[in-house]
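The values are calculated or read from the model by the stated rules, or taken from the named source; none is laboratory data. Just so it is clear, the model here is predicted, and its values are computed rather than measured. Ideal geometry is used to build each Cβ from the backbone, glycine not excepted, and the neighbour counts take in all protein chains shown.
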Amino acid sequence: MNTVIKVSNLHKTFKNGETEVHVLKGLDFNVEAGEFISIMGPSGCGKSTLLYLLGGLDYPTKGQIFINGEDLNKKKDRELSHMRRSDIGFVFQFYNLVHNLSVYENIALPLVMGGVSTSSFKNRIYEILDIVGLSDKKDNLPSQLSGGQQQRVAIARAVIVNPSIILADEPVGNLDSKNGQDVMKLFYEINQRYKISIVQVTHDPDMALYGSRLIRIKDGIIEKTEDIESRIIL
């Protein structure tokens, strides 16, 4: 397997006045191509901070992160922006859709921002619309969709550029149990179909079971790493 994410001695410290808060304290782990990793831990343990560091949205205080063999510490802001458009898809708890764009236009947005002709991706957009079950909603605005449907649009937007990695921050945290399960099944299907590595942050042990490996974080350190033998299968 190819290693798509390598984390080495990762530290993150924030300053609060004269006080330093050590959020991450020397993390080491790898994510292999096609893996579905669940990162779980209590609120405030550093899960979301870790995800933002993996996506190049913030900088570590110490340590290294390699994405597809490239050291993020050595990348300029422009290079990080390009990486986020081409190699990494993001899915957040609150969807982050553009409210005056249709479902189709929201999905195509990463292509537009990357200067790619959406017409050349038309077939792929329709394929992904079908996978996420929104073909009949392609012209709707986000305000005309349920929360579960909006998150499906966000997932489709993350997948459209065929990234090697999807980072998901509490992706079902704003959904009821039924919609949450449906969204996690969609993540599972995308992981299996496209072999995209998925790293999700969650505090819900049931949602963690959709992954193939679980990393437990507590007080800024990795408490335990384990394969998920009782994985939920569609």
Neighbours by Cβ (under 6 Å, 6+ apart or cross-chain): first from the range 220-234, closer than 13 Å to S38 by Cα and of a type in the set (S, T, Y); second in a strand (DSSP E or B) and modelled with pLDDT of 90 or more:
T225/I215
Quick check on my filter: what residues within the range 110-124 are within 21 Å of the chain's Cα centre (by Cα) and either at pLDDT 95 or above or surrounded by fewer than 16 Cβ atoms within 10 Å (Cβ to Cβ) (or both)?
V112, M113, G114
Odd one out for I198, checked against (1) surrounded by fewer than 17 Cβ atoms within 10 Å (Cβ to Cβ); (2) of a type outside the set (K, R); (3) touching a residue at least 40 places away in the same chain (Cβ under 8 Å)
(1)
Selection within the range 104-158 - of a type in the set (S, T, N, Q) and more than 29 Å from R78 (Cβ to Cβ)
N123, S135, N140, S143, Q144, S146, Q149, Q150, Q151
Test I155 against the criterion of being of a type in the set (V, I, T), touching a residue at least 24 places away in the same chain (Cβ under 8 Å) and over 30 Å from K15 (Cα atoms), and give yes or no.
yes
State whether the residues of the range 123-135 include one that is farther than 30 Å from K6 by Cα and touching a Phe, Trp or Tyr at 6+ places or on another chain (Cβ under 6 Å).
no
Being crowded, with 20+ Cβ neighbours inside 10 Å, more than 14 Å from the chain's Cα centre (by Cα) and either under 23 Å from I196 (Cα atoms) or not charged (D, E, K, R) (or both) is the filter here, so list the residues in the range 1-22 that pass it.
V7, L10
Report, by residue number, each residue of the range 58-95 that is basic (K, R) and either touching a residue at least 12 places away in the same chain (Cβ under 8 Å) or buried (at least 17 other Cβ atoms within 10 Å of the Cβ) (or both).
K62, K75, R84, R85
Are there any pairs with C-beta distances below 6 angstrom linking a residue in the range 30-51 that is of a type in the set (S, T, Y) to a residue that is buried (at least 22 other Cβ atoms within 10 Å of the Cβ) and assigned to a loop (DSSP other than H, G, I, E, B), with the two at least 6 apart or on different chains, and if so which?
S38/G211
